[in-house]
1. In the set 133, 127, which member is farther than 30 Å from residue 4 by Cβ, in a helix (DSSP H, G or I), of a type in the set (Phe, Trp, Tyr) and modelled with pLDDT under 90?
2. Among the residues of region 11-32 satisfying the criterion of being under 43 Å from the mean Cα position of the chain (by Cα) and loosely packed, with under 10 Cβ neighbours inside 10 Å, which is modelled with the highest pLDDT?
3. For region 58-73, state whether one or more residues are in the same structural domain as residue 15 (by TED's automatic domain parsing), modelled with pLDDT under 85 and assigned to a loop (DSSP other than H, G, I, E, B).
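The values are calculated or read from the model by the stated rules, or taken from the named source; none is laboratory data. Given the structure is predicted, the values throughout are model-derived calculations rather than measurements. Here the Cβ positions follow ideal geometry from the backbone for every residue, glycine too, while neighbour counts run over all protein chains shown.
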Amino acid sequence: EVTTEEVKAIETDEGVKLVVPTDDGYVSVVVPEIPEDIQQEIIEEQPVEPLEGNNFMTKDEFRNWISQRYEDKLSELEKEEQRLEDEEAAKASHVKKLEDCIEQAADKFGYYGVYEQPPHYQNAVDWVENDCWAESAPEHRMLRH
């Protein structure tokens with residue numbers, strides 16, 4: 001049979017001692033140091049819900065209890081954040097590619113004195129849309145004006 005009872009803890013030069021009542025009076029018991037890995041195991045084995053009749057918990061236990069409620073939501077938000085970061089990186093790459101295509105089109109189709117004439121401008125726009133930028137981002141086709 002296992003029972004639990006709150007006892008008084010006393011700080012001494014030898015460490016923490018518990019004052020445990022017995023049939024012969026009170027006995028001081030030295031509390032051994034618990035290694036970190038065992039402490040972590042104990043924490044992990046704690047039930048998700050606080051024990052009935054247990055009207056106190058540590059701040060860490062309280063934080064863990066709250067965080068367990070939101071584990072799924074937090075995981076979902078982290079995945080969404082990663083998806084958005086990936087999407088942003090892809091769009092930044094498409095923007096850079098379009099800027100490069102515009103620069104290349106200006107070099108390829110632009111001749112001094114004829115830039116604004118119909119065949120050169122339209123040829124440059126067609127080349128950007130159908131050749132250069134189309135290779136990198138077909139879902140981001142430019143609109144003609």
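1. 133
2. In this case the residue turns out to be 11.
3. Yes, region 58-73 contains at least one residue that is in the same structural domain as residue 15 (by TED's automatic domain parsing), modelled with pLDDT under 85 and assigned to a loop (DSSP other than H, G, I, E, B).
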